[in-house]
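Note sheet for the following structure.
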Amino acid sequence: MTSLWWQTGVIYQVYPRSYQDTNGDGVGDLNGIERRLDYLVGLGIDAIWISPFYPSPMADFGYDVAEYLDVDSRFGTLADFDDLLAAAHSKGLRVLIDLVPNHTSIQHAWFVESRASRSNPRRSWYIWRDPGPDGAPPNNWISDFGGSAWEWDEASGQYYYHAFLKEQPDLNWRNPEVRNAMYGVMRFWLDRGVDGFRIDVLWHMIKAADFPDNPPNSEWRPSMGEKDRVLQLHSTDQPEVHAIASEMRTIADSYAGSGQGPRVLVGEIYLPLDRLVRYYGPERRGVHLPANFQLINAPWEARALETLIANYESALPPDAWPNWALGNHDRSRVATKRGPVQARVAAMLLLTLRGTPTVYYGDELGLSDVAITPAQVQDPLELREPGLGLGRDPVRASMPWDGRANAGFSTAEPWLPLNSDWPARNAEKLAKDPSSILTLYRRLLAARRAYPALSAGAFRLLDATGDVLAYERGHDPGGMIVALNLGGSPQHMILPDRAATFRPLLSTIDEFVSIESGALLLRADEGVILTAA
């Protein structure tokens, strides 16, 4: 198989508010991303995915879109985006942007019209329902931010549906006019030259036509958050959503011959494995990469990960390409969950598994979740359900670049606080340290480029015991072995006979790798890559 750029490449997520500020308001912007492109080239990634930058009242920090065809003034202008895109392409970097098709802002012109009256031509662009017999909401569906997913509109005497905040009304994707309008949005950005989209909450986009109650969750407990009191059986993952994914795929693929090469669709989908892989679509006509988040919350235990990887590989449809992530803007950082030492092992895992990896900004610095005081909370999820630890502010903190004031992120106080160890843990300082996690990321990403077995080769799990997870990439000759010690004590792994001539390529600790009598001796918390001599 000839590998495409989005299969061999590595995607790097940029949360624009937190990456680099250039105008002194404490909020990152598009010009800031452009300023840091050389850093990204030096890191060794292939594509950047930029979280939303559209005009928005920021009820949910850009995921409440008020206009799809422009840039919010906080982040710059459309011309700034064009400059960023051109600069990225000139340096060999691809650019993906967030597409937010499930819902708009309450301030979007479409919703303003829809809300104006029941007879407005855009009324059916959103999901409106009459109240129940007692005036209550139409059903028991719960918003992902807590509370009923239905908001009463006094003027028109109906409820509208919002899977998230009441300021984010859901579009009615059963309406062909909505589909055509959003497909027009895709073409607008594809015409400007973007290399693809990360599609927000793809599995939410169609709801059961008759709106039945969702069943109660028998395993629910208060610490899970209110939304999990019911199972989202009827409000998400409906069969008709796959036709939408297919239509989006057709649009993206129609740009593949433009001279820029293939465009890619990454679907945000939090579903069990058997339902996740359906989003590849019949004959791979769904999204190219249904996002695989299993590593984020997986038990950090060798046999558990071995089973997880094997199950995922076996569940993939023929010719479907896998993908992996350790974190994102909604989930706790890997260094917090696994600790700073195992975060290095996790980096080797992410960047050597078969498939497309996505690196969340700052993970290459080993950033942990940042402590946020109650007075500093920005996230509406935390504000609505305080004390449950559901808030996302700790993983969206500002990027520490150097030892200057505010870590070089801004000349003003950042919109969210920096990591407390930023004077020691910043990009400039770690780049000069040959033993830092940033240096490790650079070496791992360089190895992916230098050795096709790591980026496109076959995958096979190897027999291992104890805390060791091991697998082979590629075929002889030219194969590679990856062995990861997920525990805090030394381990040994008996190498396959064919590996007798293999040599060490990379360790997460230092240059020393020990092989004795056909066994690889792994130190505590060490990952190793071996390559055929």
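The values are calculated or read from the model by the stated rules, or taken from the named source; none is laboratory data. Just so we're clear, the structure is a prediction, and the values are computed from it rather than from any experiment. A quick note on method: Cβ atoms are made from the backbone with ideal geometry, for glycine too, and the neighbour counts reach across all protein chains shown.
Side notes on the structure shown:
- For the range 77-106, taking the residues that are over 22 Å from Arg179 (Cβ atoms) and not in a helix (DSSP H, G or I), the one that is farthest from the chain's Cα centre (by Cα) is identified as Thr77.
- Some residue of the range 24-43 being of a type in the set (Ser, Thr, Tyr) and either in a loop (DSSP other than H, G, I, E, B) or within 29 Å of Phe145 (Cα to Cα) (or both): no
- Taking the numbered list (1) in contact with a His (Cβ under 7 Å, 6 or more places away or on another chain); (2) over 30 Å from Ala446 (Cβ atoms) in turn, Pro57 passes all entries but (1).
- Residues within the range 201-225 that are touching a residue at least 60 places away in the same chain (Cβ under 8 Å), of a type in the set (D, E, K, R) and closer than 20 Å to Pro272 by Cα, tallied: 1
- Residues within the range 20-35 that are in contact (Cβ under 8 Å) with a residue 24 or more places away in the chain and surrounded by fewer than 24 Cβ atoms within 10 Å (Cβ to Cβ), tallied: 7
- Options His103, His108: the member that is touching a Leu at 6+ places or on another chain (Cβ under 8 Å) and either surrounded by fewer than 19 Cβ atoms within 10 Å (Cβ to Cβ) or not charged (D, E, K, R) (or both): His103
- Residue satisfying all of: in the range 143-165; under 25 Å from the mean Cα position of the chain (by Cα) and more than 18 Å from Pro386 (Cα to Cα); surrounded by the most Cβ atoms within 10 Å (Cβ to Cβ) among these: Ala149
Conditions tested, residue by residue: (1) in a helix (DSSP H, G or I); (2) surrounded by 22 or more Cβ atoms within 10 Å (Cβ to Cβ).
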residue: Ile309; (1), (2): yes, yes
residue: Tyr312; (1), (2): yes, no
residue: Pro317; (1), (2): no, no
residue: Asp330; (1), (2): no, no
residue: Lys337; (1), (2): yes, no
residue: Gln342; (1), (2): yes, yes
residue: Met348; (1), (2): yes, yes
residue: Leu351; (1), (2): yes, yes
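- Annotation note: Cβ proximity below 6 Å between a residue of the range 371-396 that is under 17 Å from Asp60 (Cβ atoms) and a residue that is assigned to a loop (DSSP other than H, G, I, E, B) and of a type in the set (Ser, Thr, Tyr) (sequence gap 6+ or interchain) occurs for Arg396/Tyr15.
- Hits in the range 279-294 (condition: touching a helix residue (DSSP H, G or I) at 6+ places or on another chain (Cβ under 7 Å) and assigned to a helix (DSSP H, G or I)): Tyr279, Gln294
- Any pair with Cβ under 9 angstrom, 6 or more apart, that starts in the range 185-200 at a residue that is at positive phi and ends at one that is modelled with pLDDT of 95 or more and of a type outside the set (A, V, I, L, M): Gly193/Asp82; Gly193/His89; Gly196/Trp6; Gly196/Trp49; Gly196/Arg94; Gly196/Pro262; Gly196/Arg263; Gly196/His288
- Residue among Ala252, Ala245 that alone is under 20 Å from the mean Cα position of the chain (by Cα), assigned to a helix (DSSP H, G or I), over 16 Å from Arg278 (Cβ atoms) and not assigned by TED's automatic domain parsing to the domain that holds Gly132: Ala252
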